[in-house]
1. Among (1) surrounded by fewer than 21 Cβ atoms within 10 Å (Cβ to Cβ); (2) in contact with a Ser or Thr (Cβ under 8 Å, 6 or more places away or on another chain), there is one condition residue 425 misses while meeting the rest; what is its number?
2. Tell me yes or no: at least one residue of the stretch 37-58 is at pLDDT below 65 and surrounded by fewer than 11 Cβ atoms within 10 Å (Cβ to Cβ).
3. Which of (1) surrounded by 14 or more Cβ atoms within 10 Å (Cβ to Cβ); (2) farther than 23 Å from residue 58 by Cα; (3) in contact (Cβ under 8 Å) with a residue 60 or more places away in the chain does residue 279 not meet, given it meets every other one?
4. For the subset of the stretch 120-137 comprising residues that are closer than 13 Å to residue 195 by Cα and either hydroxyl-bearing (Ser, Thr, Tyr) or at pLDDT below 75 (or both), which member is surrounded by the fewest Cβ atoms within 10 Å (Cβ to Cβ)?
5. Quick test of your reading of the structure: residue 449 fulfils all but one of (1) over 22 Å from residue 319 (Cβ atoms); (2) at pLDDT below 85; (3) within 21 Å of the chain's Cα centre (by Cα). Name the failing condition by number.
6. Between residues in the stretch 44-73 that are without any contact (Cβ under 8 Å) to a residue 12 or more places away in the chain and residues that are of a type outside the set (D, E, K, R) and in a helix (DSSP H, G or I), which pairs lie under 9 Å by C-beta distance while being six or more apart or on different chains?
7. Residue 430 - would you say it is assigned by TED's automatic domain parsing to the domain that holds residue 309 and loosely packed, with under 13 Cβ neighbours inside 10 Å?
8. Restricting to the stretch 201-226, count the residues that are at pLDDT below 85 and not aliphatic (A, V, I, L, M).
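The values are calculated or read from the model by the stated rules, or taken from the named source; none is laboratory data. Fair warning: this is a prediction, and the values are worked out from it, not measured in the lab. With ideal geometry, Cβ positions are generated from the backbone for all residues, glycine too; neighbour counts draw on all protein chains shown.
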Amino acid sequence: MPAAPPKNRNCDGSPRALALPHRMHLRLGGGWSLAAIALIWAAVFLHLFEQREVALGAARGNADGLARGYEESLTRGLSEIDQTLLYVRALHARDGVALDLEPWVNSAELASRAVLQISMTDRNGLVTLSDLHRPTKPIDLSDRPYFRHFANAASGRTDDDMFIGTPTPGPASNRWSLQFARALTTAQGGFDGIVTVAVDPDTLIRLYRTADVGRRGVVTLTGLDGIVRARADGTTAAGAGPPVGQRSVSPAVARTAAEAEGGFEWLDPSDGERRIDSFRRVAGYPLLVEVALATNEVLRGLRTDLIAALAVGLAVSVTVGIALRPEPTVPGCCRRTHGNVTAAEQAGAAMPSVLPPGANSIAVEPTMPRPLPADHLAVEHLTDTLGSDAVAGIVANFLDGLPRQLGRMRDLARAGDTDPLLREAHALAGSAATIGLDELGAAASELEQDLKCRRLTATAARLDRIDRLARSGLDRLAAYLHKRAA
């Protein structure tokens, strides 16, 4: 009989692991399982929180950029309207009552059609020229706010600023118009009436790209007096919020008294939508422009990431729980001690073969499973944990969605949208690692790090490598699933 091994060695001479008391092993196994699962879910929720903050931060920047673009566009549009008023006033000073605008209008054509009508009145408020023709019957505008603004100041110094009225519907067409007016003066500088330009307020807003705010986003042009001049969303001219001509409910009106630009998040009481708002005062005019993006639309793209993260968290939690479960109780008579092997092992070690040489027999040798690629090992583990049907569904969804995800990443790279591309790379790294495509996950992580550090020169090469690894991984997974189904 061979000698028993030393107390600190196994039968093959390798060092023996320290054996813990069985009750302690049960307690440690259960505690480590709970700690590992808690850590997994903490990482999942941290990932989702970070992705939410990234999306909201990008939306704030987008809203600020759009507000800046609208402000610049409105400044140009309002400047053109004011130039029209000043030009007509100059013609009036030169020609007086003989003024004829038709040749000028026909040459300029007012191609944008933002201008609906040009009118002039005398010092008493009677229209002398309207819509490029002489009126056939008296039209009195002396009670209109845009006339009273200049007439009331005529006793003193005539106000020479451009007056911006509030939107009013036309008496016949019921079409909204916004009046811009300047005072006409005599040669001695006295008040001699007004010239007005009626503008479609919706056209003012739509001089820029309204569709960029989304279907539930809103663009609003409001006076510093709090009255809404124009409002539009990504689909209709009406949009959410108070109608044109009504008082705004946005906090931006009050905030412009202290700051020329800013941003905030708020719950719009007009439709119950939570929005990310950016506002700017229109330079040189008593107006402010707001861009409000719907938070639900901003976060809609994260729902797929949320579902994937929860699925991965659940799968990994189940896997860890099973892997770290306590071992079943073993009877004391069969348990190894520090320095002994069981009687059956000792007997087996000294027992000669009972088969004579040359006898027909099958040699039984210890066998080891063939090593599988890393991706197959991960799928095997998930299959043993969740069952073949569940894992087949997870892998099938991954196989089906990966080409579309790679296509989106290519489109985002071509468009230069680094923040959405970063989120796609992050999601691909996590899902590929879960399935077991470690090289693909590592390549996606490298692209994610490049984007975080704004190293963009290697983006195309990174995407090419991701494509190659994805094709290779998809082929291996598809072959593996086909073989397992057979």
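1. Among (1) surrounded by fewer than 21 Cβ atoms within 10 Å (Cβ to Cβ); (2) in contact with a Ser or Thr (Cβ under 8 Å, 6 or more places away or on another chain), residue 425 violates only (1).
2. Step one: filter the stretch 37-58 for residues at pLDDT below 65, giving none.
Looking through the stretch 37-58, none of the residues is at pLDDT below 65 and surrounded by fewer than 11 Cβ atoms within 10 Å (Cβ to Cβ).
3. Answer for residue 279: the failing condition is (2).
4. The extreme case among them is 131.
5. (2)
6. Final answer for the pair search is 45/309; 45/313; 50/426.
7. So residue 430 does not fit the description; no.
8. Number of matching residues: 11.
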